[in-house]
1. Answer yes or no as to whether residue 65 is part of a loop (DSSP other than H, G, I, E, B), β-branched (Val, Ile, Thr) and surrounded by fewer than 18 Cβ atoms within 10 Å (Cβ to Cβ).
2. Being among the aliphatic types (A, V, I, L, M) and part of a loop (DSSP other than H, G, I, E, B) is the filter here; which residues of segment 25-53 pass it?
3. Looking at 117, 81, 107, 122, which one is out of contact with any Leu (no Cβ under 6 Å at 6 or more places or on another chain) and surrounded by fewer than 16 Cβ atoms within 10 Å (Cβ to Cβ)?
4. Do you know which residues across segment 1-58 are among the aromatic types (Phe, Trp, Tyr) and farther than 15 Å from residue 150 by Cα?
5. For segment 1-24, enumerate the residues that are surrounded by 13 or more Cβ atoms within 10 Å (Cβ to Cβ) and either more than 19 Å from the chain's Cα centre (by Cα) or not in a loop (DSSP other than H, G, I, E, B) (or both).
6. Would you say residue 115 is over 17 Å from residue 9 (Cα atoms), aliphatic (A, V, I, L, M), touching an Asp or Glu at 6+ places or on another chain (Cβ under 7 Å) and assigned to a strand (DSSP E or B)?
7. Would you tally the residues in segment 50-80 being of a type outside the set (D, E, K, R) and in contact with a helix residue (DSSP H, G or I) (Cβ under 8 Å, 6 or more places away or on another chain)?
8. Anything in segment 35-72 that is of a type in the set (S, T, N, Q) and over 14 Å from the mean Cα position of the chain (by Cα)? List them, or say none.
Amino acid sequence: MSYRITGLQRDQFEDYFGMDDIVLAQHGAVRVTAEADRGWPCRISLEDAKAGEQLILLNHVSHEVATPYRSAYAIYLRENAGMTAEYIDEPPPVFEGRPIAFRAFDAGGMLRDAALALPGQADIKIRGLFDNADIAYIHAHNAAHGCFSAKVERA
């Protein structure tokens, strides 16, 4: 069983990168500077920003479904993030060293299973969830902060 983990599409957020701080605030977003090389996970590149990099912090609807499992939370986006990251059959760098909560959904957007992966366990937990044929996709979240990390799909 093969899987694909993808970051968010940069073009859907492009307008934010050109906004000044006042306009960002009007959209409920803020520009921040990474204070360390870890702890500022970009949802486009699926890598942590390096100290000194600029990011946009905004609220994002990560699970836009007409079920009780619709979800939105704060995410970071690196201003200098390039193309959308894609990882096949391997976890992205942003999962490294973090506990990750996996929420597994059926095709109708209903939660059917979940798993917690401690550092180094992401691959095995993803494969275990996809062993269930009813699971259509998985959303990965940072376990401690609860923010959306990436979508995992069957490849």
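1. Numbers: part of a loop (DSSP other than H, G, I, E, B): yes; β-branched (Val, Ile, Thr): yes; surrounded by fewer than 18 Cβ atoms within 10 Å (Cβ to Cβ): yes.
So residue 65 passes the test.
2. Looking only at segment 25-53, we keep the residues that are among the aliphatic types (A, V, I, L, M), and these are 25, 29-30, 32, 34, 36, 44, 46, 49, 51.
Once the filter is applied, which keeps residues that are among the aliphatic types (A, V, I, L, M) and part of a loop (DSSP other than H, G, I, E, B), segment 25-53 yields 29, 34, 36, 44, 46, 49, 51.
3. 107
4. To start, the set of residues in segment 1-58 that are among the aromatic types (Phe, Trp, Tyr) comprises 3, 13, 16-17, 40.
Across segment 1-58, the qualifying residues are 13, 16, 17.
5. Going through segment 1-24, the residues surrounded by 13 or more Cβ atoms within 10 Å (Cβ to Cβ) turn out to be 3-8, 10, 13, 16-17, 19, 24.
Within segment 1-24, 3, 4, 5, 6, 10, 16, 17, 19, 24 qualify.
6. Working: over 17 Å from residue 9 (Cα atoms): yes; aliphatic (A, V, I, L, M): yes; touching an Asp or Glu at 6+ places or on another chain (Cβ under 7 Å): no; assigned to a strand (DSSP E or B): yes.
So residue 115 fails the test.
7. The total comes to 3.
8. Once the filter is applied, which keeps residues that are of a type in the set (S, T, N, Q) and over 14 Å from the mean Cα position of the chain (by Cα), segment 35-72 yields 54, 67.
The values are calculated or read from the model by the stated rules, or taken from the named source; none is laboratory data. For clarity, every value in this text was computed on a predicted model and none was experimentally measured. A quick note on method: Cβ atoms are made from the backbone with ideal geometry, for glycine too, and the neighbour counts reach across all protein chains shown.
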